[in-house]
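Below: the structure, in C-alpha cells.
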C-alpha cells in the first residue's frame, strides 16, 4: 500500500535512504551519506513523501519537492520487485510533469527512468559530491 510518510516512519525511511545510497553509489565515500543522515531526517519530516508499506513495514519511499523527485529508495532486499515503479506511477498520477537529477555513474537508475519515459535534458555537476549528473524530465 502507498501512503503519506508519518513522523513515526522517519527512522525506517532514513535507514533505507542510507543503505540504498551506500550500495547504489559506491563511487561516493560512505562517509558522505553518514554525515548527511540527520539532515535527511529533518528534510523527510518536512517534505512530500510517499511510502510503500507491506505488512506494516516500509519497503520503499519517494520524496518530492513540488515536481522534483528528490529520490526513490527501495529496501535492498526487495529491489527489482516493482516497488519503485509503483511509487513512480503513483506520483505520475498526481503530477503533470516530473524532473530529477541522477548521477551519470548510476546506470541502473538511468535505465529505470528511461524505461519510465524520462528523457535526459542536460548534464551538470553535483557540487556537494563533485559527481557528474543528468537532469531528466517526464511529461
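The values are calculated or read from the model by the stated rules, or taken from the named source; none is laboratory data. What you see is a predicted model; the values in this text were computed from it and never measured. Cβ placement follows ideal geometry from the backbone for every residue including glycine, while neighbour counts extend to all protein chains displayed.
For region 107-117, the tally of residues that are touching a strand residue (DSSP E or B) at 6+ places or on another chain (Cβ under 9 Å) and closer than 22 Å to residue 51 by Cβ stands at 4.
For region 65-102, filtered to residues that are in contact (Cβ under 8 Å) with a residue 40 or more places away in the chain and loosely packed, with under 12 Cβ neighbours inside 10 Å, the residue that is farthest from the chain's Cα centre (by Cα) is 96. In a residue-by-residue description of region 102-123, the property of being part of a strand (DSSP E or B), closer than 21 Å to residue 14 by Cβ and in contact with a helix residue (DSSP H, G or I) (Cβ under 7 Å, 6 or more places away or on another chain) applies to at least one position.
Of all residues in region 7-45, those that are loosely packed, with under 14 Cβ neighbours inside 10 Å and in a loop (DSSP other than H, G, I, E, B) total 3.
Scanning region 124-139 for residues that are touching a helix residue (DSSP H, G or I) at 6+ places or on another chain (Cβ under 8 Å) and either surrounded by 16 or more Cβ atoms within 10 Å (Cβ to Cβ) or modelled with pLDDT of 95 or more (or both) gives 134, 136, 138.
As a summary of the residue check, residue 25 satisfies the conditions (1) closer than 29 Å to residue 119 by Cβ; (2) modelled with pLDDT of 95 or more except for the one numbered (2). Sub-8 Å Cβ pairs linking a first residue in region 25-39 that is closer than 15 Å to residue 126 by Cα to a second residue that is surrounded by fewer than 12 Cβ atoms within 10 Å (Cβ to Cβ) and at pLDDT below 95, at least 6 apart or interchain, are 32/128, ordered by first then second residue.
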